[in-house]
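J.: Please read through the structure below; I'll follow up with questions.
Read the figures in this text as sums done on the coordinates, not as results from a lab. Because the structure is predicted, anything quoted here is derived from the model rather than measured. Cβ atoms come from the backbone with ideal geometry, glycine included; neighbour counts cover every protein chain shown.
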Amino acid sequence: MFRKSILVANNEMRLLLSVIKSNYISDNKNALQEVNKNCVANRIDDENIKSYVINCWDNLEDKIGFEVTLLENNCKRSIINRLYNRSRDLNFVIKTKSDVVSKELQDNIKKTSNINIIMKEFVL
């Protein structure tokens, strides 16, 4: 089990996640994978969409003040998820050295960027 600091998506992030979800060609079939901006951009074919994703991602990192990665969850753990081809879960994650975000850091990011952070535990 491990913990990640997930950014709570606002409208801008939802739009960016939607664009990524419809254009990003993943090699992740049945796993939990964390990928960076360059990996996502290299797997988008359309140059206009690629530059849009890079620009929006850079703006998000500037707002937050930390490196942001994309957490892609394609785990199919239950029999129901194996029967139905469900869409993958995509979330933005802030990358910190210890992957532990203190309450003070959460409040600081909320104050400067108006973006909430939640801690989520993943079991593999």
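J.: Please work out the FRET efficiency for the pair residue 31 and residue 103, using the Cβ-Cβ distance as r and a Förster radius of 30 Å; give the result to the nearest 0.05.
T.: Numbers: r = 31 Å, r/R0 = 1.03.
About 0.45, to the nearest 0.05.
J.: While we're here: Among 18-26, 65-73, how do they line up by average Cβ neighbours within 10 Å per residue, starting with the highest? Write down the numbers at each step before the final one.
T.: Details: 18-26: 15.2, 65-73: 17.7.
Result, highest mean first: 65-73, 18-26.
J.: So what is the relative contact order of the range 1-74, in percent, for Cα pairs below 8 Å that sit 6 or more residues apart?
T.: It rounds to 38 percent for the range 1-74.
J.: Using θ = phi - 60° and the Karplus form 6.51 cos²θ - 1.76 cosθ + 1.60, what ³J(HN,Hα) does each residue of the range 58-67 get, whole Hz, x for Gly and Pro?
T.: Once θ is set to phi - 60°, the couplings for the range 58-67 become 4, 4, 5, 5, 5, 5, 6, x, 9, 5 Hz.
J.: If packing is taken as the mean number of other Cβ atoms within 10 Å per residue, what is the order of 104-112, 2-10, highest first?
T.: Result, highest mean first: 2-10, 104-112.
J.: Okay, moving on. On a straight-distance basis, which aspartates and glutamates could pair with residue 95 in a cross-link, Cα separation under 12 angstrom, same-chain partners fewer than 8 positions away excluded?
T.: Straight-line reach from residue 95, under 12 Å: 34, 61, 67.
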